[in-house]
């Protein structure tokens, strides 16, 4: 039994008829072609699929598209507003990535963290990103990038 | 990974949800989905119908009533961890909620879903049992209250009837003179607890007048460490007295869970070590 869902993604409203088992991440990637959101572990561990659902970071591999019906979603593609978001700028400047696969999720989780805590300590950043895994183990520069972004966002 | 297909329902009221649960074959309630959806992707669960209770407004929220917290079943771990009311009236519960999973998991996972899932490695059950309180469940014949002490009945099993839905969790709060603490060892990969010890201690006139200690993770359901509680009650919260009590913390554990990561013997050992840490911190916070 398919269901019609209407989801506003990065400010654009989309209506699709989907199977209830369709995951939000597949809705974004396969239905809308927004492939910036990656699928890593597909088991709620790695955080590569992190997006914002009504302003909160969630793992889109563990949310059904039907659960997001009527909601607002922001993906990595929707973060920049004419120019790079301070987090995107900071990940670039601090080289907060190696292969880049975890980066969209890292940035979306970091945006959630900074919205709740604009001035996090290093420990708070590491704890705030515990749900995001970097298999290149490039955490040092990721933390530095979040610190740099927090500074930029204060100005 | 895709779940097996299913029909999806999104009731607007608890009554409608109960009606659907009673009439749809092989139906399951979908709360935050952070245990159920992974289980469905692995095909460990293949419900024919999901009843999504995520849009029933009265199921979310936290109220303080007569020193107790009344928490709607769909309240997320993140909301509990950040709640000023929970931090003020029951800081141990806020700490436990903040330890679950990671921020994204806490943004979706709910207290009702977590306690109904009854995972032996879950953080809420030992803490809720140590704090005391009850679960409100609604079925076709109305609502009933189930004490935490009788709620978890076996591995991934609760006292709920198949057509009942948890609507609210009531937790005893505490104030000055009482301290709570949760000491746990997490599995390094999953973050789930291997063993966790939850302690709530009241100190009056220099002695522990009330001690509540519960061990989770070592057995299918959390176990009250009655011998340790009795050993410390009426005694001063000194290091020696706490150590002597903590040594008895595993007395109620028979047939502990053992797996390739942590044997049953190791879990019994951890129960005593973590009980000592939890009791020490709880007693310090009580003073």
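The values are calculated or read from the model by the stated rules, or taken from the named source; none is laboratory data. Because the structure is a prediction, the values reported are computed rather than measured. Reconstructed Cβ throughout: ideal geometry from the backbone, glycine too, with neighbour counts over all protein chains shown.
With respect to residue A:117, determine if the residue is out of contact with any strand residue (DSSP E or B) (no Cβ under 6 Å at 6 or more places or on another chain), within 20 Å of residue A:12 (Cβ to Cβ) and surrounded by fewer than 19 Cβ atoms within 10 Å (Cβ to Cβ). No: the conditions fail for residue A:117. Taken as a whole, the structure leaves residue A:142 outside the set of residues that are under 26 Å from residue A:31 (Cα atoms), more than 10 Å from chain B (Cβ to nearest Cβ) and part of a helix (DSSP H, G or I).
Checked against (1) at negative phi; (2) surrounded by 15 or more Cβ atoms within 10 Å (Cβ to Cβ), residue B:217 passes all but a single condition, namely (1). The condition (being part of a helix (DSSP H, G or I) and either farther than 17 Å from residue B:131 by Cα or in the same structural domain as residue B:129 (by TED's automatic domain parsing) (or both)) is satisfied by just one residue among B:282, B:231, B:236, B:278: B:231.
Checked against (1) at the interface with another protein chain (Cβ under 10 Å from one of its Cβ atoms); (2) outside any helix (DSSP H, G or I); (3) more than 19 Å from residue A:130 (Cα to Cα), residue A:95 meets all criteria but (1).
State whether one or more residues within the stretch B:177-199 are within 14 Å of chain A (Cβ to nearest Cβ) and within 15 Å of the chain's Cα centre (by Cα).
yes
When residue A:135 is tested against (1) surrounded by 14 or more Cβ atoms within 10 Å (Cβ to Cβ); (2) in a loop (DSSP other than H, G, I, E, B), just one condition goes unmet, and that condition is (1). Out of curiosity, is residue A:47 more than 11 Å from chain B (Cβ to nearest Cβ) and not in a strand (DSSP E or B)? Spelling it out, it is not the case that residue A:47 is more than 11 Å from chain B (Cβ to nearest Cβ) and not in a strand (DSSP E or B).
Note on the stretch B:1-105: enclosed helices (runs of 4 or more DSSP H) holding 1 or more residues that are within 14 Å of chain A (Cβ to nearest Cβ) and in contact with a helix residue (DSSP H, G or I) (Cβ under 9 Å, 6 or more places away or on another chain) are B:36-41, B:77-82, B:91-99. For the stretch A:64-72, the condition of being more than 13 Å from every other protein chain (Cβ to nearest Cβ) and either within 15 Å of the chain's Cα centre (by Cα) or not in a helix (DSSP H, G or I) (or both) holds for at least one residue.
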